[in-house]
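One structure is given here, and the rest of the page talks about it.
Taken together, the values in this text are just the output of simple stated rules run on the coordinates, not laboratory data. Everything numeric here is computed off the predicted structure, so don't read it as measured data. All Cβ positions, even for glycine, are placed from backbone atoms using ideal geometry, and neighbour counts span all protein chains on display.
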Amino acid sequence: MPKRHFTLYCDESAKKGPYFSDFYGGVVVASEDREGIERALRSKKEELNLFGELKWTKITENYCEKYVDFIRLYFSFIRSGRLKVRIMFTQNSNRPTNLTSEHLESRYFLLYYQLIKHAFGFRYCNPNSLDKVYVSVLLDDMPDTKEKVEKFKEFVSNISETKAFSGTQVFFPKAQMADINSKDHSILQGLDIILGSMNFRLNDLHKEKPAGKRRRGKRTVAKEVVYKEINRLICSIRPRFNVGANTGRTSWDDTWPHPYRHWLFVAKQHEVETGAGKPR
């Protein structure tokens, strides 16, 4: 049986925001295409004299246009389908009602699991199960004990045994999961910029002003410029895109082919907490 291989990079940001929280992101690439895209992104960084790690938190007025140039190249790979990006987040007004202390303690891993299992539509990537598909999962520096990380990897590797993946021939081998440092992976750095920009906009951080000041700081203005370009690029792929809502689809099968999607994660058992949303 023929084999196909994908690499999935994962990142997370902003565990708690004023309106939206639990920002998780993933980007998937065909493994044979990974190094070619990495070379192109590294070359662009060198062209722009960006020799350190690119991160949303490092955007300043002086580097704003360079980040815009980099993210335009990044989105060219998304538009062509060579990269597929998913952003997942929760809304504070949707409060889960059935969380145990164990759920709360493992929240970080449980949400990561949901992202990996559902956000990309991996169960639809192998129509008629003609191939064996292997997914390597690379996570940016997981901040927890080795024991918990190993347990999480075991949990993810068992996705292929779940009912949803029965007969799909899609596998998440534990031996192909690893913690990585984003400074060594330009693909992951691009994801960090997109993920940070969504937290920035959805939590109204673009409106922040320094204490005692009437105007926003230069760094905030620079970040808004980068966010607006990211939003423009998303809308060039998906017109009328709503950053704070689920991306539409005609069927569940659409989840896999789409180059870019957002997922507003809502627990099955929840209540809407009035007053926790954005002021109108």
Residues 271, 65, 224 in order from fewest to most other beta-carbon atoms within 10 Å are 271, 65, 224
A convex hull over the alpha carbons of the chain yields, per residue, a volume in Å³ of 153
The chain, Gaussian network, Cα under 10 Å: of 51, 265, 152, the residue fluctuating most is 51
The chain: antiparallel bridges as % of DSSP beta bridges, rounded to 5, reads 50
Any DSSP H helix in the chain with Cα axial reach of 18 Å or more and mean Kyte-Doolittle score of at least -0.5? Listed by number, the hits are 64-79, 186-202, 218-237
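Give me the dipole magnitude in Debye, nearest 20, for segment 127-280 about the Cα centre, with unit charges on the beta carbon: positive for Lys and Arg, negative for Asp and Glu.
Values: 27 positive and 19 negative charges, 251 e Å.
Result for segment 127-280 is approximately 1200 debye, rounded to the nearest 20.
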Per the Cα gyration tensor, segment 220-280 corresponds to an equivalent ellipsoid with semi-axes, largest first in Å, of 24, 22, 9
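Charges at C-beta only: +1 for Lys and Arg, -1 for Asp and Glu. How large is the resulting dipole of segment 212-280 about its Cα centre, in Debye rounded to 20? Mind showing how you got there, number by number?
Details: 16 positive and 6 negative charges, 160 e Å.
Dipole about the Cα centre, nearest 20: 760 debye.
Evaluate the charge dipole of the chain about its Cα centre and quote only its size in Debye, nearest 20, assuming +1 on the Cβ of each Lys and Arg and -1 on the Cβ of each Asp and Glu.
1120
With n ≥ 4 as the cut-off for DSSP H runs, can you work out [θ] at 222 nm for the chain, using -39500 (n - 2.57) per run divided by the number of residues, rounded to the nearest 500? Write out the running numbers ahead of the final one.
On the way: 7 runs with 95 residues, N = 280.
Value at 222 nm, helices only: -11000 deg cm²/dmol.
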Between the residues 88, 128, 243, the Cα farthest towards the positive end of the dipole of segment 3-272, that dipole coming from +1 and -1 charges on the beta-carbon of Lys, Arg, Asp and Glu, is from 243
Listing 32, 61, 229 by rising number of other beta-carbon atoms within 10 angstrom, fewest first, gives 32, 61, 229
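Give a quick list of trypsin sites (Lys or Arg not before Pro) in segment 161-234 that DSSP marks as loop, anything other than H, G, I, E or B, with at most 11 other Cβ atoms within 10 Å. All intermediate terms of the calculation are to be shown ahead of the outcome.
Details: sites: 163, 174, 183, 201, 207, 213, 214, 215, 216, 218, 219, 223, 228, 232; in loops: 213, 214, 215, 216.
Qualifying residues, ordered by number: 213, 214, 215.
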Per the charge dipole of the chain (beta-carbon charges, Lys/Arg positive, Asp/Glu negative, Cα centre), the residue among 113, 138, 17 reaching farthest to the positive end is 17
Checked against the positive end of the charge dipole of the chain (+1 on Cβ of Lys and Arg, -1 on Cβ of Asp and Glu, about the Cα centre), the farthest of 168, 182, 205 is 205
